[in-house]
Amino acid sequence: MAPTRAAVLVPVRSRDRSRAGAAGSTRTPDARLDEATGLAAAIDLDVVVATLVPLADVRPATFLGKGKVEELAGLIEAERIDLAYVDASLSPVQQRNLERAWKTKVIDRTALILEIFGRRARTREGTLQVELAHLNYQKSRLVRSWTHLERQRGGFGFLGGPGETQIETDRRLIGERIISIERELEQVTRTRALHRKSRERVPFPVVALVGYTNAGKSTLFNRLTRAEVFAENLLFATLDPTLRAVGLPHGTRIILSDTVGFISELPTTLVAAFRATLEEVIEADLILHVRDVAHIDTAAQAADVADVLGELGIDSDDHARIVEVWNKVDLIEGEARAQLDAEAARRPAEQQPALVSALSGEGVEALLDRIETRITAGRITRTVSLAPEDGQGLAWLYRHADVIERSGDAETGRTLVTVRVSPERLEEIDRRFPPNP
């Protein structure tokens, strides 16, 4: 089947155009257009038209002005567009009226992100979370008529024709399914809580990667863990969370968590649906905020990540817990790189970012040292003496503490194990392994 011919339409207010790139602006219109096109490409749409659309004021009936709607109708007909993506949040009335005016399927930003998530989800949990968000979105959009789109298909029905779930399902069935999914996700939340409790008994700190979508989190995750998590130059390449154990340079072990990328105007239904997944971030001992510093809108993207962290109850100014990782420095050269280094150096010590290239490996060893320094702050080092036959005690130390060094005492034949533990575990260590008289 031929790819869906799509038009990407990014409404831009005139005041946004005039201050593009100025201090305090959110993001440049061209960068918004690039991102919107990337979102469309993420589900293999054939983007035939991609354009900025001037917007004076939002119209209740059609979002865009009447003249612009008519102008775009001609373009959509001439280019034989099957799907128009409007990079904004449309009300059901606006969406329906645009479909009538343009005689084609129209989706908004929320619908497209949900469609991407629907295709990316691989685990049962991820699928349930996306379906819950989709159903909540769908409740207000049940009355539809797309009789000219019978050949379209889509992962969750947004790109689908008549006869598919979005049209046929009534409110009662949606409500029943929502209740069923919420029950299943409650079980997921309980299971995650049990997993976290079991990890508390094996005290590996959790370090979570967060960042704007396509900032390079999964590439960095692979670099740090030597894993092979799916990492590609796509928006939302990672959806389901991934956990891996990592040994740091001086013996400390951590659990590293890769999470779904954030994005501006992330639908609140998705933030709510993925809260169980994002609990790995909420409970993390250390958060690495990965930024694509080579991107023109890196500052705006950082602000969007801070907003989502805020929705999760995490203060983005908590510098004791959050480390900024400025990724993709390999793409910055010459004077621009010198300015970047100078900007990083000017920050107070506790706020200085780690400059890395997840692709080339530049700065990664320094980042690992930085993680270990943060994680071990306040921990106490103790050397324990074990009888040579005490294999059970040695195994216990490896399970419950960071083993820094292990050596033999030639005079006594005992094994000396240097460990690093949190203050609350020190009493237990001393009780199990009292000093020799």
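Starting from the Cα of Lys66, step 7 Å along the direction of its Cβ; do the same at Glu343; then give the gap between the two resulting points in nm.
Roughly 4.6 nm, to one decimal.
Would you be so kind as to identify which of Leu359, Gly408, Leu397 lies farthest towards the positive end of the dipole of the range 300-437, taking Lys and Arg as +1 and Asp and Glu as -1 on Cβ and the Cα centre as origin?
So the residue furthest toward the plus end is Gly408.
Using square roots of five times the C-alpha gyration tensor eigenvalues, list the equivalent-ellipsoid semi-axes of the range 380-432 in whole Å, biggest first. Mind showing how you got there, number by number?
Details: eigenvalues 70, 25, 18 Å².
Listed largest to smallest, the semi-axes of the range 380-432 are 19, 11, 9 Å.
May I ask which residue of Ala84, Ala61, Ala2 lies farthest towards the positive end of the charge dipole of the range 1-107, with charges of +1 (Lys, Arg) and -1 (Asp, Glu) on Cβ and the Cα centre as origin?
The listed residue farthest towards the positive side: Ala61.
Could you work out how far apart the two model spin labels at Glu411 and Asp46 are, taking each label as a point 7 Å from the Cα in the direction of the beta carbon, and quote it in nm?
8.3 nm
Given a Förster radius of 41 Å and the C-beta distance between Arg226 and Leu173 as r, what FRET efficiency does 1/(1 + (r/R0)^6) yield to the nearest 0.05?
Details: r = 46 Å, r/R0 = 1.13.
Calculated value: 0.30.
Using θ = phi - 60° and the Karplus form 6.51 cos²θ - 1.76 cosθ + 1.60, what ³J(HN,Hα) does each residue of the range 393-408 get, whole Hz, x for Gly and Pro?
Karplus-based 3J(HN,Hα) across the range 393-408 equals x, 5, 4, 4, 4, 5, 7, 10, 8, 8, 7, 8, 8, 9, 8, x Hz.
Taking R0 as 30 Å, what FRET efficiency do you get between Glu428 and Glu186 from their Cβ-Cβ distance, rounded to the nearest 0.05?
In this case the efficiency is close to 0.35.
Taking the Cβ-Cβ separation of Ala2 and Tyr398 as r and a Förster radius of 60 Å, what is the calculated FRET efficiency to the nearest 0.05?
Values: r = 58 Å, r/R0 = 0.97.
The pair Ala2/Tyr398 has a calculated efficiency of 0.55.
Which three numbers, in whole Å and largest first, are the semi-axes of the equivalent ellipsoid of the range 60-138 derived from its Cα gyration tensor as √(5λ)? Could you put the intermediate results ahead of the total?
Working: eigenvalues 165, 37, 13 Å².
For the range 60-138, the ellipsoid semi-axes come out as 29, 14, 8 Å.
Taking the alpha-carbon distance from Lys103 and a cut-off under 20 Å, which lysines remain once sequence neighbours fewer than 8 residues away in the same chain are dropped?
Leaving aside lysines fewer than 8 places away in the same chain, those within reach of Lys103 are Lys66, Lys68.
Quick note: the coordinates plus some simple rules give every number you see, no bench work behind them. Note that the coordinates shown come from a computational prediction; the quantities given were computed from them, not determined experimentally. Because the Cβ atoms are built from the backbone with ideal geometry, glycine has one as well, and the counts that use them run over all protein chains shown.
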